[in-house]
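Report on one structure; see the data block that follows.
Derivation of every value follows stated rules applied to the coordinates shown; laboratory data play no part. These figures come from a predicted structure and were not determined experimentally. Neighbour counts are summed over all protein chains in view; Cβ atoms, including those assigned to glycine, are modelled from backbone coordinates with ideal geometry.
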Amino acid sequence: MPLLEFNNVFFENDNIKILEDISVGIKQGDFVSIIGPSGSGKSTFLKLCSHLISPTRGYITYKGKDVSEYNPTDLRKSISYCFQIPYLFGDTVMDNINFPYSIRNISFDKEHVYELFSMFKMDKDYLNKEVKNLSGGERQRIALIRTLLFRPEILLLDEITSALDMVNAQIVEGIIASLNNEGMTILFITHNFEQSRKFANKLLTLEAGAIKSLEVLR
């Protein structure tokens, strides 16, 4: 049984078809790269995965159960979405890093936080920085760290290296590949054809809101 499955899913917005008749299964441990021209429905596909939006027709299951039957907060702890334009809140980086602990009523784990910052080649002093003073690439890495403090079962990544320089993009790619090797399921949107094939075991191509192809790479 697929971990996550789309069954004849349609999505419309203001009577405009964004996705049409999408049926696809994602298995535990898959690394699926999602490619296609702008406007093909890639981001909408990821938003449906985490139930940020609901299908107009059809249904989506996670572990065999319709995603609409899950508590949304609980579901998004298991299926986490990192947006192309990261959203950080509050005044400081610490406000963002402490948030996942506070909503779970768990004590802040300083050593775990420092370990993640080290993985991303970021100094722990970033915790004291104001959000407004961060670059786009720094914001993206902080958003990823926030997501990975409590590892989700499925990680949804929407062009998360587009704001990074080559060195930091390679660091992030390596972390994502390592997480996948440890069993995390990855869905990864990219416009970079070489990047799309670097780590993925499947390549999903969307075009005009429909699945053009699903290629097994390895």
Next item on the list: Considering only the stretch 110-136, state which residues are over 19 Å from T147 (Cβ atoms) and assigned to a loop (DSSP other than H, G, I, E, B).
Entry: D123
Next item on the list: Give me the pairs, please: first residue somewhere in the stretch 1-27 and more than 21 Å from E153 (Cα to Cα), second residue anywhere and among the acidic types (D, E) and in a strand (DSSP E or B), beta-carbon distance under 8 Å, and either six or more positions apart or on two chains.
Entry: N8/D21; V9/D21; F10/E20; F10/D21; I18/E12
Checklist line | the stretch 75-109 - residue that is of a type in the set (V, I, T) and outside any loop (DSSP other than H, G, I, E, B) and, of those, nearest to the chain's Cα centre (by Cα) | finding: I79
Check: Any chance the stretch 15-28 includes a residue that's surrounded by 14 or more Cβ atoms within 10 Å (Cβ to Cβ), acidic (D, E) and closer than 23 Å to A200 by Cα?
Finding: no
Notebook entry, point to check: Only one of these conditions is not met by K77: (1) without any contact (Cβ under 8 Å) to a residue 12 or more places away in the chain; (2) of a type in the set (D, E, K, R); (3) farther than 25 Å from L164 by Cα. Which number is it?
Noted result: (1)
Checklist line | Residue that is touching a helix residue (DSSP H, G or I) at 6+ places or on another chain (Cβ under 6 Å), surrounded by fewer than 15 Cβ atoms within 10 Å (Cβ to Cβ) and either touching a residue at least 40 places away in the same chain (Cβ under 8 Å) or not in a loop (DSSP other than H, G, I, E, B) (or both), where the choices are I53, I34, I60 | finding: I53
Next item on the list: Collect the residues in the stretch 125-173 that are surrounded by fewer than 18 Cβ atoms within 10 Å (Cβ to Cβ), touching a helix residue (DSSP H, G or I) at 6+ places or on another chain (Cβ under 9 Å), polar (S, T, N, Q) and under 16 Å from P86 (Cβ atoms), keeping them in residue-number order.
Entry: S162
Checklist line | Positions within the stretch 174-188 being touching a residue at least 12 places away in the same chain (Cβ under 8 Å), surrounded by fewer than 18 Cβ atoms within 10 Å (Cβ to Cβ) and not hydrophobic (A, V, I, L, M, F, W, C), in sequence order | finding: G183
Next item on the list: Could you tell me which of the residues I106, I97 is out of contact with any strand residue (DSSP E or B) (no Cβ under 9 Å at 6 or more places or on another chain), among the β-branched types (V, I, T) and surrounded by 13 or more Cβ atoms within 10 Å (Cβ to Cβ)?
Entry: I97
